[in-house]
Amino acid sequence: MKSPTKAFSLIELLVVIAIIAILAAILFPVFAQAKAAAQGTTCLSNQRQIGIGLTMYMADSDETCFFFGHAVDPSRANATAPMGAARENRWWNQIMPYTKNNGGVLVCPSDTGRKPHATEDGQSGRPLVPRSYVANRAAENLPLSAVENPSQVVVVTEKEGVYDDSWFEPPKNLYSKSVGQPAVLAMDRHRGGANAMFFDGHVQRLSRGAWTQDPCGLPWSGVNLMRQFPLPSTPGRPDRTPWHANCPN
């Protein structure tokens, strides 16, 4: 004769549900942290590939960093006229032939915006090139020999996903563009910091505190390089300046 099957009582079911809820509350944040850490590692790896590409590019370019391509503002490479905003003049397209993963290295998995440049927005037949990173204009077209501390000057770092900026201009872009808007740099993306690639090719996370402890963002921003090797001004446009009231020239 079979013994009757004993069913769970309501109280026992509630206890089991409560235990599962407690475990979920404990484990879900752990899983989220592990995912964020993995995304941060991928981001660092991508920037390391960009750093390798930059090193190889510079080896073929008299040890000089990529130039600033813009439709209005001139570059150190040509102070008399803008280099132009064509796709081939984008800093990432200058070094992309030297990387393994092509456009894939331009995206941080933690960046939900990944806003591309207008020439690569996937509209009207244009290619779609999502991008999470910006280059430091303080570094543009400088030879490595001009940089006294290459391990302390950022060349590429992360931008806020709402912006399509190709470059960040220190010190101006360390601060909000306008009231209620974030700064260009994504200084809180990875545990209160942003990943960065330096002139010597190494990569590391810089905390918001590291970026902002000095009003000019020194030493990481390279503002001293801008004072030593000034960026050419835009004729007739005194408003187009990289300087900020908190860090004047």
Flagged pairs (Cβ under 6 angstrom, 6 or more apart or on separate chains; first in the range 103-131, among the aromatic types (Phe, Trp, Tyr); second modelled with pLDDT under 95) are none
Looking at the range 218-229, can you tell me whether even one residue there is hydroxyl-bearing (Ser, Thr, Tyr), under 16 Å from the mean Cα position of the chain (by Cα), in a strand (DSSP E or B) and at pLDDT 95 or above? no
I'd like to know if the range 180-192 contains one or more residues that are within 12 Å of the chain's Cα centre (by Cα), in a strand (DSSP E or B) and of a type outside the set (A, V, I, L, M). no
Within the range 89-130, of all residues that are of a type in the set (S, T, N, Q) and assigned to a loop (DSSP other than H, G, I, E, B), the one modelled with the lowest pLDDT is 101
Flagged pairs (Cβ under 6 angstrom, 6 or more apart or on separate chains; first in the range 221-237, farther than 20 Å from residue 184 by Cα; second surrounded by 15 or more Cβ atoms within 10 Å (Cβ to Cβ) and of a type outside the set (A, V, I, L, M, F, W, C)) are 232/74; 234/73
A careful count of residues in the range 134-153 that are of a type in the set (D, E, K, R) and touching a residue at least 24 places away in the same chain (Cβ under 8 Å) gives 2
Counting only residues in the range 156-198 that are in contact (Cβ under 8 Å) with a residue 40 or more places away in the chain, in contact with a Lys or Arg (Cβ under 7 Å, 6 or more places away or on another chain) and of a type in the set (D, E, K, R), the one surrounded by the most Cβ atoms within 10 Å (Cβ to Cβ) is identified as 158
Exactly one of 147, 153, 129, 134 is in contact with a Pro (Cβ under 6 Å, 6 or more places away or on another chain), surrounded by 18 or more Cβ atoms within 10 Å (Cβ to Cβ) and not charged (D, E, K, R), and that one is 129
Among 49, 39, the single one that is surrounded by fewer than 18 Cβ atoms within 10 Å (Cβ to Cβ), touching a Ser or Thr at 6+ places or on another chain (Cβ under 6 Å) and not in a loop (DSSP other than H, G, I, E, B) is 39
Open item on the list: With the structure loaded, tell me whether residue 118 is within 19 Å of the chain's Cα centre (by Cα) and either more than 18 Å from residue 157 (Cβ to Cβ) or loosely packed, with under 14 Cβ neighbours inside 10 Å (or both) or whether it fails that test.
Closed with: yes
Exercise. Do we have residue 63 as surrounded by fewer than 18 Cβ atoms within 10 Å (Cβ to Cβ) and acidic (Asp, Glu) here?
Worked result: yes
Those residues of the range 138-168 which are among the charged types (D, E, K, R) and either closer than 21 Å to residue 181 by Cα or in contact with a helix residue (DSSP H, G or I) (Cβ under 6 Å, 6 or more places away or on another chain) (or both) amount to 158, 159, 160, 164, 165
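Quick grid of which residues meet (1) of a type outside the set (S, T, N, Q); (2) modelled with pLDDT under 95; (3) closer than 21 Å to residue 168 by Cα:
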| residue | (1), (2), (3) |
| --- | --- |
| 36 | yes, yes, no |
| 41 | no, yes, no |
| 51 | yes, yes, yes |
| 65 | yes, no, yes |
| 74 | yes, no, yes |
| 78 | no, no, yes |
| 82 | yes, no, yes |
| 85 | yes, yes, yes |
Residue 201: passes all of (1) crowded, with 19+ Cβ neighbours inside 10 Å; (2) within 12 Å of the chain's Cα centre (by Cα) but (2)
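The values are calculated or read from the model by the stated rules, or taken from the named source; none is laboratory data. These numbers were taken from a predicted model, which means no experiment stands behind them. Please note: Cβ atoms are built from the backbone with ideal geometry, for glycine as well, and neighbour counts cover all protein chains shown.
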